[in-house]
């Protein structure tokens, strides 16, 4: 599919330090950088540990579980390349391993009466192209 | 920093010739209009300028070239809308050390019409980790801070709306403000939903405008055209850029640090202020800044607005120009609260003049509470 036919903008530019993250997603794994000196797990990927400044960085596989740290419900598309029909839920997820990342909450009505901060969520994988899979999240245990 | 207190003054301020929707004015022209107007306000000449401070797309060297001056000190700190607030502190230091004699801090942004605007910056982090999920524009980031605040402290949509209502009351008194008709809490709640928890009236305007601030050393300031405004304190800090990296989503560490530095340098306490300007890109911004600056307990910043303290006639007027919410907001709003504080301290504000205004606080953010700049401005040293 050409980018024009996709429902979402592709992540770009993919940077070398983030390649293990994107490679993992393609195989259905949510990989996170982890400092091999102090054990700090962090996100986004970078070449040094933001806690201890070590440059010995390895990768671990996340459980894919976490909590909805915060959310918004977008009522109007602010980017023409993003074609998911509004309203949709923008999500900040805090993973069990510690790091927070941005995503979407799916499998629940986009209604602030139903969605609450700190609700448990789990990853679902959304394949965009042969190269790119995105981690989305749904209420833990399935959702609707 | 203490020795820098009161060593320099703001001696000139002004906006561009017009502010609002200006498809006939380039971004560079907005700068040049604001600079010439502010220099005239100071009773100085453009050729007197030897220090240029600006943030955004134009470098200080380009402004020097366009003005036909050769600055011997330049600063292009670009960390968001509060950059100009930080630059007042930088200018004070540069003036004190003789690195320049007349400093101008300039802002010009064709934020609405985009005349002379090209966007080019590194987008690899948002491009990979935010944009694919539909994040785009400030409301989709600042809302995260706001929703979490509501969860942790029980803040309500009605309370955020009070900030818009209070600010509009001031705009009604400012002839330069874009939106001047009174609004109610219900009007805010009924306005078009953009991105929960924000409706349209929770979000700042998007306009075209320029603004500039001229500073010189205190000894020279007394010879300028207007009553000098002393820079008694200045502070700055940055914490993050990506909202996911903010340590505490409902408290701005950068703002706390910036405020502490400014208050310590000025030797003032929070209760001493009788006028406050807070960067209001969103209604939730000013209350969270009041909490981070130590004016209110966590979760209680909104009380300043719902109790009417912030409004005309209130005990602590806030955002008396009508703010980014109702007066103007180009994108990097930070120059405008400095202009308003200066005018209030000079007593130039007509119907919206705060009686006996002697000590004013300016606090701004860059990005999503990512950076902060704070000024303590005073009529006397």
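Overview of values
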quantity	calculated
Qualifying positions in the stretch B:12-31 - over 16 Å from residue B:205 (Cα atoms) and within 18 Å of the chain's Cα centre (by Cα)	B:12, B:13, B:14, B:15, B:16, B:30, B:31
Counted residues, the stretch B:191-225 - those being surrounded by fewer than 22 Cβ atoms within 10 Å (Cβ to Cβ) and under 22 Å from the mean Cα position of the chain (by Cα)	2
Selection within the stretch B:297-311 - under 20 Å from the mean Cα position of the chain (by Cα) and either in contact (Cβ under 8 Å) with a residue 24 or more places away in the chain or assigned to a loop (DSSP other than H, G, I, E, B) (or both)	B:301, B:302, B:305, B:310, B:311
Test: residue A:44 is part of a helix (DSSP H, G or I), closer than 22 Å to residue B:246 by Cβ, within 13 Å of chain B (Cβ to nearest Cβ) and at pLDDT 95 or above	no
Test for residue B:373: is it touching a residue at least 60 places away in the same chain (Cβ under 8 Å) and surrounded by fewer than 24 Cβ atoms within 10 Å (Cβ to Cβ)	no
Filter pass, residue B:290 being in contact with a helix residue (DSSP H, G or I) (Cβ under 7 Å, 6 or more places away or on another chain), surrounded by 24 or more Cβ atoms within 10 Å (Cβ to Cβ) and free of Cβ contacts under 8 Å to residues at least 60 places away in the same chain	yes
Test: residue in the stretch A:86-99 that is within 15 Å of residue A:24 (Cβ to Cβ), within 12 Å of another protein chain (Cβ to nearest Cβ) and surrounded by 13 or more Cβ atoms within 10 Å (Cβ to Cβ)	yes
Residue list for the stretch B:207-220, restricted to those being touching a residue at least 12 places away in the same chain (Cβ under 8 Å) and over 16 Å from residue B:16 (Cβ atoms)	B:215, B:216, B:217, B:218, B:220
Test: residue in the stretch B:142-152 that is within 14 Å of another protein chain (Cβ to nearest Cβ), under 19 Å from the mean Cα position of the chain (by Cα) and either crowded, with 24+ Cβ neighbours inside 10 Å or outside any helix (DSSP H, G or I) (or both)	yes
Counted residues, the stretch A:7-34 - those being within 11 Å of chain B (Cβ to nearest Cβ), part of a loop (DSSP other than H, G, I, E, B) and free of Cβ contacts under 8 Å to residues at least 40 places away in the same chain	4
Filter result (in a loop (DSSP other than H, G, I, E, B) and free of Cβ contacts under 8 Å to residues at least 40 places away in the same chain) within the stretch B:237-263	B:247, B:248
Residue count, the stretch B:119-141 (criterion: closer than 21 Å to residue A:104 by Cβ, more than 7 Å from every other protein chain (Cβ to nearest Cβ) and free of Cβ contacts under 8 Å to residues at least 60 places away in the same chain)	1
Residues of the stretch B:264-283 that turn out to be closer than 27 Å to residue B:138 by Cβ and assigned to a loop (DSSP other than H, G, I, E, B), as a count	4
Filter result (surrounded by fewer than 21 Cβ atoms within 10 Å (Cβ to Cβ), at pLDDT 95 or above and more than 21 Å from residue B:337 (Cβ to Cβ)) within the stretch B:76-117	B:96, B:97, B:98, B:99, B:101
Residue B:72 vs. criteria surrounded by fewer than 24 Cβ atoms within 10 Å (Cβ to Cβ), over 19 Å from the mean Cα position of the chain (by Cα) and closer than 22 Å to residue B:349 by Cβ	no
Filter result (surrounded by 18 or more Cβ atoms within 10 Å (Cβ to Cβ) and either within 11 Å of residue A:11 (Cβ to Cβ) or within 13 Å of chain B (Cβ to nearest Cβ) (or both)) within the stretch A:127-139	A:128, A:132, A:133, A:134, A:135, A:136, A:137
Criterion (within 13 Å of chain B (Cβ to nearest Cβ) and either touching a helix residue (DSSP H, G or I) at 6+ places or on another chain (Cβ under 6 Å) or at pLDDT 95 or above (or both)) met by exactly one of A:74, A:63	A:74
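For (1) within 14 Å of chain A (Cβ to nearest Cβ); (2) in contact with a helix residue (DSSP H, G or I) (Cβ under 6 Å, 6 or more places away or on another chain); (3) more than 28 Å from residue B:281 (Cα to Cα); (4) not in a helix (DSSP H, G or I), each residue gets a yes or a no:
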position	(1), (2), (3), (4)
B:22	no, no, no, yes
B:34	no, no, no, no
B:56	no, no, no, yes
B:90	no, no, no, no
B:98	no, no, yes, yes
B:103	no, yes, no, yes
B:114	no, no, no, yes
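The values are calculated or read from the model by the stated rules, or taken from the named source; none is laboratory data. Remember, it's a predicted structure, so these values are computed and weren't measured experimentally. Cβ sites come from the backbone with ideal geometry, for glycine too, and all protein chains shown count toward neighbours.
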